[in-house]
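Asks: Below are the structure tokens for one structure; questions will follow.
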Amino acid sequence: MKDAGNDRGDVAEAQARADEDERGLVKAALQLLGIRNLVLAIHDPSFPSDDAEDIGRGSPYTEGGRRFLRFARDLGFNGIQLGPQGETSADNASPYDGTIFSRSTLSIALARLAEDGPFGALLRPESVRRIAAERPAGSEGRALHRYAYRAQRAALREAYASFVDRRRRGELGALAERLDAFRKRNAAWLERDGLYGPLCEEHQSGWFHGWSGEPALDRRLFAPGPGEVVACEERRRELLERYRDELEFYAFCQLLAHEQHAALRKVTGELGLKLYGDLQIGYSPQDAWAHQSVFLKGYLMGAPPSRTNPEGQVWSYPVLDPAQYADGSSGALALVRARMDKMFDEFDGVRLDHPHGLVCPWVYAADAPDPLRAVQGGARLFSSPDLPDHPLLARYAIVSPAQLNRAVPRYADDWVSSLTPEQVGRYSVIFDTIASCAEARGRAITDIVCEVLSTLPHPLKAVLERHGLGRFRVTQKADLDNPKDVYRSENAAPSDWIMVGTHDTPPLWRLLDAWERSSALERQAAYLAARLAPSPAEEGAMARALASDPRALAQAKFADLFASQASNVMVFFSDLLGVKEIYNAPGTIGDHNWSLRVPRDYERSYSEMRASGEALDLPRVLALALRARGGAESQERRDLAARLERRSGAARGQR
């Protein structure tokens, strides 16, 4: 009789060989297609967790998170794009409103604190089991931000109490030394971020503008006015002493988060996965408080009316003060440099959220009674030399009135009609700083990813060209009636990043349902056939086949990415796995946003859905792209396409 354990071992070994073979084919196809980066995008809360470690929210630092990374690697991805990883508040789960230096303590893997190892078993295993067991039932598909926030804080308090007690008894010396070194190395931001919470409690408001009690200078503790420098220094010393224990607890939690991230970097490095961070354009309330001295007074940043958001968006984010750009050793550029140095220390590459805000931010009056109306009547900070409704912006203008196109709205891409090289350099001050930080940390300029969507103002276009950087091409948004549309795949350049959707768009699988109920399916099929048919003679038959089979059309929609000239492809996790639920619906607030998670049984469900064409089938998609591209290596591409087709989910499902 065969040993069952050996049978399972043989099956696992055979599966590993099969995965290796498929990965090799995918890698070869990417090389032939000129794809340098194939990146899977997923934010921390969306990661799956093992039952015993699931606190109601995912994390890449958990064992379940690491297994998902191996799953992505085995499919052929060579990079992972995370979302912003800053600390968020109990009532706002948006990672784009998180802190810029402090890491989210919600992502700390509690189960690792219960193990003997670098953290010295600070948590009792039963504490982790209790949190997992008390997680509200029926919530597996969504992150539970409020539950996780409360449970995580309580568990970290327990871990810290254990640390303090054991340190007093002469134990955990190595951890204590690491904490001391961490506090000294990061004192500049730990002190500021750590004080904000206690001061919010003291003043009974989570927003520093609402601190109405005394002393009033708490509101500007790190931005003293004339004659307040000494008083603010004395107040800071008083607060540091009063909240000494709270500040050490804050630093302790940050040490855990930073060390677990460093461990993740080792894991992704061993897996051959490039790890991308996300530099959000906004600032958390504590950052707006702590760094207010470098922000422009009287104006806030928002999003102007656009194709994506016709009404514009009220962001209420601070905007860096241009008057401080000249001094690179302090002020606004010093903050940019500190952020970027930290990002490049912790990631292999960085996504720049809304880079318009770094080059030509759209600003509006901070004291306007109707913020939305103010946003709609806002202006570009450096492109408004003579606007009667924004006279204060004239001092920051880089362009002259003669360089403006008055025939279009001031938010239009061609509002600025021309630029000299010297003017491009002035628009590029922050980008140049970012590029120098990348170079200093051994990163290439191509390790910077720019989230440029429907709008590309001329100054931003010039700055991207100056650095050889591309834009996003989100193909689900393509206007099929406009050959010049920015989202169409045939308009992509090698430096661009192309994708079907992002964290802010509906998954492709949800769109298919809508397309089936309209004529959009036939129009998509005709467009994709024109892009992918190996020859004009085959175009009609392909269009009819795709129109009659939405699942096949979905695979063709993915293949369109790889058949383009873009050398960087990004896939959001819901598009990979065949998930129809939305991760974030811009302009809406609620628990439905920022909470979608990878299905608990994703390995089984993905295999089944891939076989039926209901999830991304990478071998099948790459085969389509190879046949579409043809060219000088057409025979090599046809041969590789045939081998990939034999590895596709459809072929496996027939065996």
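Asks: Just one of the numbered conditions (1) buried (at least 18 other Cβ atoms within 10 Å of the Cβ); (2) within 30 Å of residue 217 (Cα to Cα) is not true of residue 297; which one?
Replies: (1)
Asks: Further, regarding this structure: I'd like the full set of residues that are farther than 20 Å from residue 192 by Cα, open to solvent by less than 20 Å² (accessible area, probe 1.4 Å) and not β-branched (Val, Ile, Thr), limited to the range 78-117.
Replies: Residues of the range 78-117 farther than 20 Å from residue 192 by Cα: 78-83, 91-94, 107-117.
Restricting the remaining residues to those that are open to solvent by less than 20 Å² (accessible area, probe 1.4 Å) gives 79-83, 94, 107-110, 113.
Across the range 78-117, the qualifying residues are 79, 81, 82, 83, 94, 107, 109, 110, 113.
Asks: Does residue 350 meet the test of being β-branched (Val, Ile, Thr), open to solvent by less than 30 Å² (accessible area, probe 1.4 Å) and either part of a helix (DSSP H, G or I) or at positive phi (or both)?
Replies: On the way: β-branched (Val, Ile, Thr): yes; open to solvent by less than 30 Å² (accessible area, probe 1.4 Å): yes; either part of a helix (DSSP H, G or I) or at positive phi (or both): no.
For residue 350, the condition - β-branched (Val, Ile, Thr), open to solvent by less than 30 Å² (accessible area, probe 1.4 Å) and either part of a helix (DSSP H, G or I) or at positive phi (or both) - is not met.
Asks: Ok, one more. Please count how many residues of the range 456-466 are surrounded by fewer than 21 Cβ atoms within 10 Å (Cβ to Cβ) and outside any helix (DSSP H, G or I).
Replies: Final tally of qualifying residues: 1.
Asks: Restricting the range 387-423 to residues that are part of a helix (DSSP H, G or I) and either surrounded by 19 or more Cβ atoms within 10 Å (Cβ to Cβ) or without any contact (Cβ under 8 Å) to a residue 12 or more places away in the chain (or both), which is farthest from the chain's Cα centre (by Cα)? Lay out the reasoning, then the answer.
Replies: Narrowing the range 387-423 to residues part of a helix (DSSP H, G or I): 391-396, 401-403, 421-423.
Subsequent filtering for residues that are either surrounded by 19 or more Cβ atoms within 10 Å (Cβ to Cβ) or without any contact (Cβ under 8 Å) to a residue 12 or more places away in the chain (or both) retains 391, 393-396, 402, 421-422.
Working: 391: 36, 393: 31, 394: 34, 395: 34, 396: 31, 402: 38, 421: 32, 422: 32 Å.
Filtering the range 387-423 for residues that are part of a helix (DSSP H, G or I) and either surrounded by 19 or more Cβ atoms within 10 Å (Cβ to Cβ) or without any contact (Cβ under 8 Å) to a residue 12 or more places away in the chain (or both), the one farthest from the chain's Cα centre (by Cα) comes out as 402.
Asks: Would it be correct to say that residue 250 is open to solvent by 10 Å² or more (accessible area, probe 1.4 Å), closer than 30 Å to residue 397 by Cβ and either in contact with a helix residue (DSSP H, G or I) (Cβ under 9 Å, 6 or more places away or on another chain) or of a type in the set (S, T, N, Q) (or both)?
Replies: No, not satisfied.
Asks: Which of the residues that make up the range 194-210 are of a type in the set (Phe, Trp, Tyr) and open to solvent by 40 Å² or more (accessible area, probe 1.4 Å)? Working first, answer last.
Replies: Within the range 194-210, the subset of a type in the set (Phe, Trp, Tyr) is 196, 207-208.
207 - this is the single residue of the range 194-210 that is of a type in the set (Phe, Trp, Tyr) and open to solvent by 40 Å² or more (accessible area, probe 1.4 Å).
Asks: Taking the range 253-272, which residues are touching a strand residue (DSSP E or B) at 6+ places or on another chain (Cβ under 7 Å) and open to solvent by 10 Å² or more (accessible area, probe 1.4 Å)?
Replies: Of all residues in the range 253-272, those touching a strand residue (DSSP E or B) at 6+ places or on another chain (Cβ under 7 Å) come to 254, 257-258, 261, 265, 268.
Passing the criteria: 258, 265.
Asks: Also, quick follow-up: Quick check on my filter: what residues within the range 467-495 are in contact with a Pro (Cβ under 9 Å, 6 or more places away or on another chain), surrounded by fewer than 21 Cβ atoms within 10 Å (Cβ to Cβ) and free of Cβ contacts under 8 Å to residues at least 60 places away in the same chain?
Replies: Once the filter is applied, which keeps residues that are in contact with a Pro (Cβ under 9 Å, 6 or more places away or on another chain), surrounded by fewer than 21 Cβ atoms within 10 Å (Cβ to Cβ) and free of Cβ contacts under 8 Å to residues at least 60 places away in the same chain, the range 467-495 yields only 491.
Asks: When you check residue 57 against the structure, is it of a type in the set (Lys, Arg), touching a strand residue (DSSP E or B) at 6+ places or on another chain (Cβ under 8 Å), in contact (Cβ under 8 Å) with a residue 24 or more places away in the chain and within 30 Å of residue 187 (Cβ to Cβ), yes or no?
Replies: Numbers: of a type in the set (Lys, Arg): yes; touching a strand residue (DSSP E or B) at 6+ places or on another chain (Cβ under 8 Å): no; in contact (Cβ under 8 Å) with a residue 24 or more places away in the chain: yes; within 30 Å of residue 187 (Cβ to Cβ): yes.
No.
Asks: Please determine, by comparing only the residues of the range 498-514 that are in a helix (DSSP H, G or I) and modelled with pLDDT of 95 or more, which one is surrounded by the fewest Cβ atoms within 10 Å (Cβ to Cβ). Steps first, please.
Replies: Initially, the range 498-514 is screened for residues in a helix (DSSP H, G or I), giving 508-514.
Filter again for modelled with pLDDT of 95 or more, leaving 508-512.
Details: 508: 24, 509: 22, 510: 17, 511: 20, 512: 20.
That would be 510.
Asks: Could you identify the single residue in 561, 553, 644 that is in a helix (DSSP H, G or I) and under 22 Å from the mean Cα position of the chain (by Cα)?
Replies: 561
Asks: Sticking with this one: Which of the residues that make up the range 131-156 are among the hydrophobic types (A, V, I, L, M, F, W, C) and either open to solvent by 70 Å² or more (accessible area, probe 1.4 Å) or assigned to a helix (DSSP H, G or I) (or both)?
Replies: Let us first name the residues in the range 131-156 that are among the hydrophobic types (A, V, I, L, M, F, W, C), namely 131-133, 137, 143-144, 148, 151, 154-156.
Scanning the range 131-156 gives 131, 132, 133, 137, 148, 151, 154, 155, 156.
Asks: Filter the range 588-615 for residues that are touching an Asp or Glu at 6+ places or on another chain (Cβ under 6 Å) and not in a loop (DSSP other than H, G, I, E, B); which is surrounded by the fewest Cβ atoms within 10 Å (Cβ to Cβ)?
Replies: From the range 588-615, those touching an Asp or Glu at 6+ places or on another chain (Cβ under 6 Å) are 596, 600, 610; that's our starting set.
Remaining after also requiring not in a loop (DSSP other than H, G, I, E, B): 596, 610.
Numbers: 596: 23, 610: 25.
Residue satisfying both the conditions and the ranking: 596.
Asks: Continuing with the same structure: Give the residue, chosen from 120, 58, 65, that is open to solvent by less than 30 Å² (accessible area, probe 1.4 Å) and assigned to a helix (DSSP H, G or I).
Replies: Working: 120 fails: assigned to a helix (DSSP H, G or I); 58 fails: assigned to a helix (DSSP H, G or I).
Criteria check complete, one pass: 65.
Asks: Is there a residue in the range 120-143 that is at pLDDT 95 or above, of a type in the set (A, V, I, L, M) and within 23 Å of the chain's Cα centre (by Cα)?
Replies: Yes, there is a match, as at least one residue in the range 120-143 is at pLDDT 95 or above, of a type in the set (A, V, I, L, M) and within 23 Å of the chain's Cα centre (by Cα).
Asks: If you take the residues of the range 157-172 that are outside any helix (DSSP H, G or I) and touching a residue at least 24 places away in the same chain (Cβ under 8 Å), which of them is farthest from the chain's Cα centre (by Cα)? If you could, list the steps in order and put the result at the bottom.
Replies: Step one: filter the range 157-172 for residues outside any helix (DSSP H, G or I), giving 169-172.
Add one more test, that the residue is touching a residue at least 24 places away in the same chain (Cβ under 8 Å), and what stays is 171-172.
Details: 171: 39, 172: 35 Å.
Per the stated criteria, the residue is 171.
Asks: Mind checking which residues of the range 68-103 are among the charged types (D, E, K, R), within 17 Å of the chain's Cα centre (by Cα) and assigned to a loop (DSSP other than H, G, I, E, B)? Full working, then the answer.
Replies: Filtering the range 68-103 down to residues among the charged types (D, E, K, R) leaves 70, 73-74, 87, 91, 97, 103.
Applying the additional criterion that residues be within 17 Å of the chain's Cα centre (by Cα) yields 87, 97, 103.
Correct list: 87 only.
Asks: Still on this structure, please answer the following. For the range 437-451, which positions are small (Gly, Ala, Ser) and under 15 Å from residue 471 (Cβ atoms)?
Replies: If we filter the range 437-451 for residues that are small (Gly, Ala, Ser), which is where we start, we get 438, 440, 442, 444.
Residues satisfying the conditions do not exist here.
Asks: Now, a different point. For residue 338, work out the one condition from (1) open to solvent by 30 Å² or more (accessible area, probe 1.4 Å); (2) of a type in the set (A, V, I, L, M, F, W, C); (3) in contact with a helix residue (DSSP H, G or I) (Cβ under 7 Å, 6 or more places away or on another chain) it doesn't fulfil.
Replies: (3)
The values are calculated or read from the model by the stated rules, or taken from the named source; none is laboratory data. Predicted model only: the values in this text are computed from it and were never measured. Glycine gets a Cβ as well: all are built from the backbone with ideal geometry, and neighbour counts include every protein chain shown. These accessible areas exclude ligands, DNA and RNA; they are computed on the full protein's heavy atoms, side chains included. Shrake-Rupley method; radii C 1.70, N 1.55, O 1.52, S 1.80 Å.
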